[in-house]
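The values are calculated or read from the model by the stated rules, or taken from the named source; none is laboratory data. In this text, all values refer to a predicted model and were calculated from it rather than measured experimentally. Note that each Cβ is placed from the backbone with ideal geometry, even for glycine, and that neighbours are counted across all protein chains shown. Just the protein is used for accessible areas: all its heavy atoms, side chains included, with ligands, DNA and RNA removed. Shrake-Rupley method; radii C 1.70, N 1.55, O 1.52, S 1.80 Å.
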Amino acid sequence: MAKVTIKEIADILGVSTATVSRVLNNSGGYSEETKRRVLDVLKQYNYQANAMAKGLRTKKTNSVGVVLPDLTNEYFAKIAVAIERVLMKKGYSINIYNMSEDANKEELMLRDLESRGVDGLIYVSGYRNQVNRVKELNIPVICVNQLEKMDETMPVIESDHEYGGYLAAKALLERGTERIIMLRDERDILPINQREQGFKAGLKEQHLRPLHISRIPFNVDAAQKEIADLLKNGKSFDGIFASSDILAIGALKALQQHGLQVPDNVQIIGFDNVTFSQYSYPALTTIHQSTDQLGEKAAERLIQSMQENHLDSNGRIVVPVHLVERETTQAWRV
């Protein structure tokens, strides 16, 4: 059934929109008969009208927006599922906004947020300018894995990306590699930069530097081509740290095509621990990010902010990461 408006209710009843608005806000100035008639029409239009009436009376809609950069990406989808699991238990409905990595969708999203009147928003991997614009809606906003540095009033739930990069370097060194390259997403975004910083720090502890760092597009083909080009140019390496599992799989494919054995000739560690990483051949060693914890903690923090009406519940929650060892690295050398 189409969404009913205050004007349509007023037209049906033959009263003014001001009268309908007063009933919805329970502000008085009308008879009990008028109130009954308005509520009867709302009931006739079922959920949408009832939700609108409740929102106007309580200033709450019991709905939350969740903004994702790419719903087809397993990593973001898993975070959304975890968010939904927590919020639905608390009686909130969820509005998913899939930006498809398209900044032009922002205006449409903002207009929709204003029309729906959501009580809060979770912004997964949001850019600073976008998140600050959303804050103008005067609702609590929580960020998951910020892409840029934001002011300290913005609460952020994020993985320990820097420590993840450090763990990858340490694991490769402990397994005997010395000439290590890094494949990283070319985008200048905070999580990837932090992974690189941690990786360099891990090598520096052993007085080493990365043999080479390649900044490439975020896809399998780009990683495959980059490794092939490095090999053709005579670059000799025995370890690869990839800033994502997607890039690691591309590297693995290129090594196999050039007759190099993994992990005997080259060892590889990825980042994210997405599902396909355990089904590659050989299975990929990777740094695990807990999408469940990221989503759950973001939802819990947002609920707290909405209940306490805190727009700036500043604070940073860091979710631990850990190494998942599979077949693209050798046994730990003691």
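Figures for the structure shown
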| item | result |
| --- | --- |
| Accessible-area ranking of I213, I157, largest first, probe 1.4 Å | I213, I157 |
| Gain on full stretching of the segment that runs from Q257 to T17 - 0.36 nm per residue minus C-alpha separation | 79.3 nm |
| Size of charge dipole - region 177-234 - debye, nearest 20, with Cβ of Lys, Arg +1 and Asp, Glu -1, no other charges | 140 |
| Simple spin-label estimate for Q278 and N138 in nanometres, 7 Å along Cα-Cβ | 4.8 |
| Taking only Cα atoms of region 252-298, radius of gyration then Dmax in Å | 13.8, 45 |
| Net lengthening on full extension, K105/R179 (0.36 nm per residue, minus Cα-Cα) | 22.3 nm |
| Segments 171-179, 222-230 sorted - mean Cβ within 10 Å per residue, highest first | 222-230, 171-179 |
| Among the listed pairs K7/K105; K149/K225; K43/K105; K90/K149; K232/K253, those beyond 23 Å (Cα-Cα) | K7/K105; K149/K225; K43/K105; K90/K149 |
| Within-10-Å neighbourhood charge of S244 [Cβ basis; K, R +1; D, E -1] | -1 |
| Estimated dipole of region 154-277 in Debye, rounded to 20 [Cβ of Lys and Arg +1, of Asp and Glu -1, Cα centre] | 360 |
| FRET efficiency, D292 to E33 (Cβ-Cβ, R0 56 Å, nearest 0.05) | 0.60 |
| Positive-end residue, region 226-299 charge dipole about Cα centroid, Cβ charges, pick of A298, Y279, L252 | L252 |
